[in-house]
Structure formats: structure tokens, C-alpha cells
Amino acid sequence: MKSLCVYCGSSPGTEPAYAAAARQVGTLIGQRGWQLVYGGGRAGLMGIVADAALAAGAPVIGVIPRSLMVRELGHAGLTELHVVDTMHQRKTLMAERADAFVALPGGIGTFEELFEVWTWRQLGYHDKPVGLLNVAGYYDPLLGFLDRSRDQGFIRDAQHELLRVSTDAGDLLERLANEAAHSPAPDDYRLI
């Protein structure tokens, strides 16, 4: 695996553990010789993970819609910053540049991005691993709901099992890397 896409909040959240996890993930990306792909922002957990990855020597690729750049939310110190016209272009480019995906704590944008790449995977648009880092129990209610959805017959076991979940960043990144090593080459599938 060479490239990890991280979805996370543009806010730091209320718990110091969230920022610590974002910093750890960014550092691990650099230590493993990977690149970070993310939403291109400088605020909140997004800025923390990007700054940590840069400090650890990782190339950092940001993708941000023009409307957010205009508000000066873009991170000016990245290896590459792609300014696109729409959120759909942003998400597609991020997905194309990544070998795997992981969600840290975040809000509705993070949820939407996670569910989209998870859905794309179960539909066969890609075969890249998808992970969820459950920091300080942040995602416990969501994970309970997903279990309920499975138990009620709306999510099949095979779909449920496509989402890798861990409370430990190092463990999760290792699992994603191992799974990515066994995924087909990018030419074997197409994102949307």
C-alpha cells in the first residue's frame, strides 16, 4: 500500500483523544512511507492529520472544492493541493488516488464519505479496504446501529464485514495494508 485516504472532521471535536489519534495516524503514514490523501483543509482533525503526516515526511495530497478554498480553508503547505469545482469531483479524485480508506471521528461529511466508499466497495466499483478508527468510543452508537441494521436484515453479513473497525490506529493501518496488498490492480475496476 502506498496511499491512504483519511476522512475526518474539520473540527477538533471535544475530546483530546481525537486530535491525538489524528496526529498518530498522520505520523504512522509518514513512518510507513505512504502518502496521505485527504480533503485539503487546514482546520480541525483534517489539519492535524495533514501536519503530522508532513512532519513525518509523507507526501500529502489535498483535494478541496473551490467554494471552500474561497473561504480560505485550504491548507497551503501540502505537497499537492487540487482545487475542484464540486464535492463529487473531490470525492472521486480522493478515491482514485488512494489504495485504502479510513475514517476518524467527524461529522456528517465524514459519515457520508465513509458510507459512500463502503457502498462503492460492496457494489464492486472498487476493491480497496475501508476502515473505521473508533477513537474513545466515538463510533460505538454507530456500530451498534450497524449491527441492528444487519440483525434486521438490511445489511448482509458480507457487506458488514467489508468495514474494518479498530480502536488502535497501528492495528487498523496494518490490517488495511495487508488487505490492500491482496486487492486487484487499479485497472481491474473503476470508481463511478
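Every number here is computed from the coordinates shown, using simple stated rules; none is lab data. For clarity, every value in this text was computed on a predicted model and none was experimentally measured. Neighbour counts run over all protein chains shown; Cβ positions are idealised from the backbone, glycine included.
Taking every pair of Cα atoms in the chain, average 1/r, invert it to obtain the Kirkwood radius, and report Rg/Rh to two decimals.
Using only Cα positions, Rg/Rh for the chain is 0.94.
Please list, in order, the residues from region 1-45 whose amide nitrogen is less than 14 Å from a point placed 7 Å along the Cα→Cβ vector of A136.
Hits in region 1-45 for A136 at 14 Å: 9, 11-24, 45.
If you take the beta carbon distance between R150 and E174 as r and set R0 to 22 Å, what does 1/(1 + (r/R0)^6) give as a FRET efficiency, to the nearest 0.05?
0.30
How long are the semi-axes of the ellipsoid equivalent to region 88-127, from square roots of 5 times the Cα gyration tensor eigenvalues, in whole Å, largest first?
Over the Cα atoms of region 88-127, the semi-axes work out to 16, 12, 10 Å.
Distance in nm between label sites at H88 and R71, each 7 Å beyond Cα in the beta-carbon direction?
Going from the H88 label point to the R71 one covers 2.1 nm.
When the helices in the chain are scored as -39500 (n - 2.57) per DSSP H run of 4 or longer and the sum is shared across all residues, what 222 nm value do you end up with, to the nearest 500 deg cm²/dmol?
-13500 deg cm²/dmol
Between E15 and T79, what is 0.36 nm times their sequence separation minus the Cα-Cα distance? Round to one decimal in nm.
This chain segment gains 20.1 nm when fully extended.
Take every Cα-Cα pair in region 25-92 and report what % of them are more than 13 Å apart.
57
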